[in-house]
1. Out of Leu22, Leu32, which single residue is under 16 Å from Ser63 (Cα atoms) and buried (at least 16 other Cβ atoms within 10 Å of the Cβ)?
2. Select from the stretch 71-83 the residues that are surrounded by 20 or more Cβ atoms within 10 Å (Cβ to Cβ) and either over 11 Å from the mean Cα position of the chain (by Cα) or of a type in the set (A, V, I, L, M, F, W, C) (or both) and list them in ascending order.
3. Can you name every residue in the stretch 84-111 that is of a type outside the set (A, V, I, L, M, F, W, C), under 26 Å from Pro131 (Cβ atoms) and surrounded by fewer than 17 Cβ atoms within 10 Å (Cβ to Cβ)?
4. Out of all the residues in the stretch 52-66, is one or more out of contact with any Phe, Trp or Tyr (no Cβ under 8 Å at 6 or more places or on another chain), under 29 Å from Ser7 (Cα atoms) and either at pLDDT 95 or above or buried (at least 18 other Cβ atoms within 10 Å of the Cβ) (or both)?
5. Mind checking which residues of the stretch 67-111 are small (Gly, Ala, Ser), touching a residue at least 40 places away in the same chain (Cβ under 8 Å) and over 21 Å from Asn2 (Cα atoms)?
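The values are calculated or read from the model by the stated rules, or taken from the named source; none is laboratory data. Computed from a predicted model, the values in this text were never measured in an experiment. Glycine gets a Cβ as well: all are built from the backbone with ideal geometry, and neighbour counts include every protein chain shown.
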Amino acid sequence: MNPQLVSRVVFLSALYDLAVTLPFATPWTARLVLQQLTSAHHQLGLSGAAPQLVEPIALLFVSLMGSLVVVWSGVRLLSPTAPLGAADTLARLLFSTWMLHALAHGGSWVVVPFVVAEVAWGLVQGAVVLPVVWRGLGQRAQA
């Protein structure tokens, strides 16, 4: 696999994550984004429960998640390597799973675009980085 392709895909994946999660990184901006998602839910007549943040502890966890993903994005922007891309691919699988879990348990369909993007980035990034990582693990095992 072309090392420049690996680096570019991991970098672009991190850039996407930064753009999407930066607004969730503070309680003030997260509240605004969630208000917009709630408004979109109602305007589009989507099924499921509209996003709500009535408890300060829920906003705390949203901001913690946003902050963590922003930092993780920064790490991958500075060092867009196959192992970090592989770890991020696993994280995308987990995030997608939890979003689908929320949908299956009555969450708003406003998260569907996020699920689609997570799965798409997971497939693209995984197709590029996982063969490189597997090859590296095989070479270590032979040494």
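1. On the way: Leu32 fails: buried (at least 16 other Cβ atoms within 10 Å of the Cβ).
None of the other options fit; the residue is Leu22.
2. Arg76, Pro80, Ala82
3. Narrowing the stretch 84-111 to residues of a type outside the set (A, V, I, L, M, F, W, C): 85, 88-89, 92, 96-97, 101, 105-108.
The next check asks that each one be under 26 Å from Pro131 (Cβ atoms); those that pass are 85, 88-89, 92, 96-97.
Selection gives Thr97 alone.
4. yes
5. Result: Ser67, Ser73, Gly74, Gly106, Gly107, Ser108.
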